[in-house]
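In what follows, a single structure is set out as C-alpha cells and then discussed.
Every read-out reported here was derived from the displayed coordinates using simple, explicitly stated rules and does not represent laboratory data. What you see is a predicted model, and the numbers here were worked out from it, not measured in a lab. Positions of Cβ are backbone-derived with ideal geometry, glycine not excepted, and every protein chain shown enters the neighbour counts.
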Amino acid sequence: MNGAGDPVASGAAHRPSGAYVVRPATWCTLLIQAVRYTLAHTDALVTGNTPFVPPDGGPHTAPDLMVLPGLAGRNVGRYEIGRDGPPPSVCVEVVSPSNTRSVIDRRCRRWLDAGVTEVYVLDPERETVEQVAVTDGALIRSDARGVHSPGMHLSFATVDGRIALCCPGGRVVTYDDDPGGQTAEPASGVAVRR
C-alpha cells in the first residue's frame, strides 16, 4: 500500500492518473530471470550491470543484461573482451528516466563496435523494444517485437499493450503477469519472426 492506502505493485511507481509505471530495475530483474531460464541448458552466463570493457580498453559500460557464451558457472565482476573471452552475444539496455537517447546510442555503438551481435533497448515507459544495429556506419533502431533472439532464446512481443517476453514452449511473461519474475503462463497466438 502507498501512503494513500492504494495498493502498489512491487517495483511500480504510482502516478496521479492512476496508471502504474514499471521501474526499470524491476524490468531488468524480470529480463535477467527469464533469460537465465531460457539459457539454463547452455554454457552461457547471464549477468546484469557487469562492467564491460571493449577490446581497445576504451570507456566501459554496464549493460542491464549481458549474455557471455562459454562462461556458465563463472563469477565475472568485470568483463574485458580478449582477456576474459569473446564479445558478449547479447547486450540489453533498459531505459530509465535519467537516460538520454544520445547516451543510450553511444552505449549501443560501443557494444556493436566491440563485436556484440545482438543489442536491444527496452523502454518500459513507452512499452517498446528496439533492436539496434549498424548499417553503412549509421546506428539503426528497429522494432524488436516478434523478432526471435538466438542469443537469449526468446522473443519480444506486446500482449494487452504491455511488453512481453516469449520463452520456449509458448511461455509468455509480462510485468503485469509476473512482477516478481517467478512464474510464466502459457499463451498462444503470439507471432514470432525468425
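Suppose the Debye formula is applied to equal point scatterers at every Cα of the stretch 17-169; what is log10 I(q)/I(0) at q = 0.14, 0.21 Å⁻¹? Ignoring solvent entirely, the Cα scatterers give -0.65, -1.49. Think of the stretch 73-127 as a dipole: +1 on every Lys or Arg Cβ, -1 on every Asp or Glu Cβ, centred on the Cα centre; then among CYS108, GLY77, CYS91, GLY77 lies furthest on the positive end. Counting other C-beta atoms within 10 Å, and keeping those with at most 15, which DSSP coil GluC sites (Glu not before Pro) do you find in the stretch 55-119? Here no GluC sites (Glu not before Pro) fit, given the DSSP loop and packing criteria.
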